[in-house]
Ligand code: URA
């Protein structure tokens, strides 16, 4: 199976995930699950929280206000959105954009684990607290609060080789707090250092 086949298999499974507490909300609103988008050969995988309204309407991750912040930050370090892969820990929209519940994270996380194994990113950039806590734990790293961990480069072992984990604040934070953008820009520099393949 190709990477595309394996990712499509995940999508099909999520489409019929009736046991999800978010299934009924998705179908009754004619929303889509948001599986992920980007290069299947990406060195960098971004992992957000859960889709918002716009994302659930279009099946595209980070296509609303937070997505515009993400695009700006990527541009600030010369990384193209087309060269990275963007997904979320929870693949369906929680009502009223509430935080994903621990049960929802538990239910959807195995799909994220499979995406990591399929795409084998060299850098995992977590966006916000929920994906940071999940990913650091999954790779056996004790989680510091995000106020301390943001911008730190953790090195971990994945079954396919070494992976760098870089926790970042969620882009939504920059929408409500202007000074957060400066912090995010500073932290994104780590992505340029660790996530751009060397050509020489
Ligand atoms: N916030 C997220 O965490 N993910 C999205 O896809 C959009 C907004």
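Looking across the range 158-188, the residues that are within 13 Å of the chain's Cα centre (by Cα) and assigned to a strand (DSSP E or B) come down to 165, 166, 167, 168.
The residue list 22, 106 contains one member that is touching a helix residue (DSSP H, G or I) at 6+ places or on another chain (Cβ under 9 Å) and more than 21 Å from residue 188 (Cβ to Cβ), which is 22. Is there a residue being surrounded by fewer than 18 Cβ atoms within 10 Å (Cβ to Cβ) and either within 16 Å of the ligand (Cβ to nearest atom) or without any contact (Cβ under 8 Å) to a residue 24 or more places away in the chain (or both) anywhere in the range 169-176? Checked against the condition, which is being surrounded by fewer than 18 Cβ atoms within 10 Å (Cβ to Cβ) and either within 16 Å of the ligand (Cβ to nearest atom) or without any contact (Cβ under 8 Å) to a residue 24 or more places away in the chain (or both), the range 169-176 yields at least one hit. Scanning the range 74-106 for residues that are in a helix (DSSP H, G or I), surrounded by fewer than 20 Cβ atoms within 10 Å (Cβ to Cβ) and more than 9 Å from the ligand (Cβ to nearest atom) returns 75, 76, 81, 82, 83, 95, 96, 102, 103, 105, 106.
Please tell me if residue 112 is outside any loop (DSSP other than H, G, I, E, B), in contact (Cβ under 8 Å) with a residue 60 or more places away in the chain, within 14 Å of the ligand (Cβ to nearest atom) and touching a helix residue (DSSP H, G or I) at 6+ places or on another chain (Cβ under 6 Å). Considered against the rule, which asks whether it is outside any loop (DSSP other than H, G, I, E, B), in contact (Cβ under 8 Å) with a residue 60 or more places away in the chain, within 14 Å of the ligand (Cβ to nearest atom) and touching a helix residue (DSSP H, G or I) at 6+ places or on another chain (Cβ under 6 Å), residue 112 comes out as no.
Could you tell me whether residue 96 is out of contact with any helix residue (DSSP H, G or I) (no Cβ under 9 Å at 6 or more places or on another chain) and modelled with pLDDT under 95? Yes. Quick check on the range 46-62. Is at least one of its residues outside any loop (DSSP other than H, G, I, E, B), in contact (Cβ under 8 Å) with a residue 12 or more places away in the chain and either away from the ligand (no atom under 16 Å from the Cβ) or at positive phi (or both)? Checked the range 46-62: no residue is outside any loop (DSSP other than H, G, I, E, B), in contact (Cβ under 8 Å) with a residue 12 or more places away in the chain and either away from the ligand (no atom under 16 Å from the Cβ) or at positive phi (or both).
The values are calculated or read from the model by the stated rules, or taken from the named source; none is laboratory data. Predicted model only: the values in this text are computed from it and were never measured. Reconstructed Cβ throughout: ideal geometry from the backbone, glycine too, with neighbour counts over all protein chains shown.
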